[in-house]
Amino acid sequence: MTTTSFLTRSHHHYTKMDHQSFPDSTTPSPLDKPNSFAAKCWLDDACIVDIDQFITTLSSIKSKGVRPDLIGSIITHYACKWIPELSIDPPSPSPSTIANNNPSPPESATQSWLKKRFFIETIITVLPYEKNAVPCSFLLRLLKHSNMAGVDSNYRIELEKKVAWVLDHATLKELMIPCFSHVKGTLLDVELMSRLVKMFVELDIDGLKSGVGMFKVAKLVDGYLAEAAVDSELGLSEFMELAQAIPEQARVNDDGLYRAIDTYLKVSYF
């Protein structure tokens, strides 16, 4: 059984879906909300059972002029079906459910890891280019599992760029991505956070993120530093790099930064 065809295709459903009509990018409709679109659908879950088939079908849908945010809702819907951990609240199937849904012999840990990495890399390649087409929360969960699965650096960099573009929509909790490096000893991936912030600032070359967006990210940085500062393994250079990644004028005040510095000094030097 190959990675790309681990489930049985359903040609009848695919043919039916391929001839279905979709809202175009210029005509408003009651299906304009992504969740509504994903729920109504166009797509019967039974007809999407193979990743290759999904890519082909998605290309067909895109060619019909469907809006990027609706494309994003399709991708997130199926990504969470294939990789349940990408859901906001991952399900915890009972042993009986697992037995009923997986009659074939269980995969080895290596097979499962390779399949997950392949799926994640495929999902990254089909993400819309347009800003806000996919929720920041989903992108961050995808990034976390990308690091866990060890996806190729080219895919990871592309995903980091997409996250950086909407970093001002993130929450502090979502940014608490663990460090999966065997070299670094920190609990949180501080280097990742620094890269995201720097890219966010660099993308603001035309001042598009000045004001509220930049203030939000500055607040996130200071809050993140306060959390990371309790880790005695965090080096001073890493702390300073992240603290200085955001422009000084982006901070309304320095209270959050001072609290983070105070915590860091107490943990690391006293």
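With respect to the stated conditions, residue 153 fails to be closer than 25 Å to residue 227 by Cα and among the small types (Gly, Ala, Ser). Confirm whether residue 188 is under 29 Å from residue 118 (Cβ atoms), under 16 Å from the mean Cα position of the chain (by Cα) and either crowded, with 17+ Cβ neighbours inside 10 Å or not small (Gly, Ala, Ser) (or both). For residue 188, the condition - under 29 Å from residue 118 (Cβ atoms), under 16 Å from the mean Cα position of the chain (by Cα) and either crowded, with 17+ Cβ neighbours inside 10 Å or not small (Gly, Ala, Ser) (or both) - is not met.
Restricting attention to region 47-76, the residues that are on the phi < 0 side of the Ramachandran plot and not in a helix (DSSP H, G or I) add up to 6.
Could you please give the count of residues in region 107-146 that are in a helix (DSSP H, G or I), surrounded by fewer than 20 Cβ atoms within 10 Å (Cβ to Cβ) and polar (S, T, N, Q)? So the answer is 6. In region 61-83, the residues that are surrounded by 18 or more Cβ atoms within 10 Å (Cβ to Cβ) reach residues that are in a helix (DSSP H, G or I) and basic (Lys, Arg) with C-beta atoms within less than 7 angstrom, at least six apart or across chains, in these pairs: 71/62; 83/116.
Does residue 172 satisfy the criteria of being surrounded by 15 or more Cβ atoms within 10 Å (Cβ to Cβ) and not hydroxyl-bearing (Ser, Thr, Tyr)? In short, no. Among residues that are farther than 30 Å from residue 212 by Cβ and among the charged types (D, E, K, R), residue 174 is not included. The residues of region 147-173 that are part of a helix (DSSP H, G or I) and among the polar types (S, T, N, Q), listed by number, are 147, 153, 154. Output yes when any residue across region 174-191 is in a helix (DSSP H, G or I), in the same structural domain as residue 239 (by TED's automatic domain parsing), more than 20 Å from residue 248 (Cα to Cα) and touching a residue at least 12 places away in the same chain (Cβ under 8 Å), and no when none is. No, that holds for no residue. The residues listed here are 28, 68; of these, the one that is out of contact with any Gly (no Cβ under 9 Å at 6 or more places or on another chain), at pLDDT below 85 and not charged (D, E, K, R) is 28. From the list 233, 241, the lone residue that is within 23 Å of residue 136 (Cβ to Cβ) and outside the structural domain of residue 146 (by TED's automatic domain parsing) is 241.
Here is a yes/no grid of residues against (1) buried (at least 20 other Cβ atoms within 10 Å of the Cβ); (2) more than 27 Å from residue 72 (Cα to Cα); (3) among the acidic types (Asp, Glu):
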position: 159; (1), (2), (3): yes, no, no
position: 167; (1), (2), (3): yes, no, no
position: 181; (1), (2), (3): no, yes, no
position: 217; (1), (2), (3): yes, no, no
position: 229; (1), (2), (3): yes, yes, no
position: 235; (1), (2), (3): no, yes, no
position: 241; (1), (2), (3): no, yes, yes
position: 252; (1), (2), (3): no, yes, no
position: 267; (1), (2), (3): no, yes, no
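Checking residue 247 against (1) touching a residue at least 40 places away in the same chain (Cβ under 8 Å); (2) in contact with a helix residue (DSSP H, G or I) (Cβ under 6 Å, 6 or more places away or on another chain); (3) surrounded by fewer than 20 Cβ atoms within 10 Å (Cβ to Cβ), which single condition isn't satisfied? Just one mismatch for residue 247, condition (2).
The values are calculated or read from the model by the stated rules, or taken from the named source; none is laboratory data. What you are looking at is a predicted structure, and each value in this text was computed from that prediction instead of being measured. Positions of Cβ are backbone-derived with ideal geometry, glycine not excepted, and every protein chain shown enters the neighbour counts.
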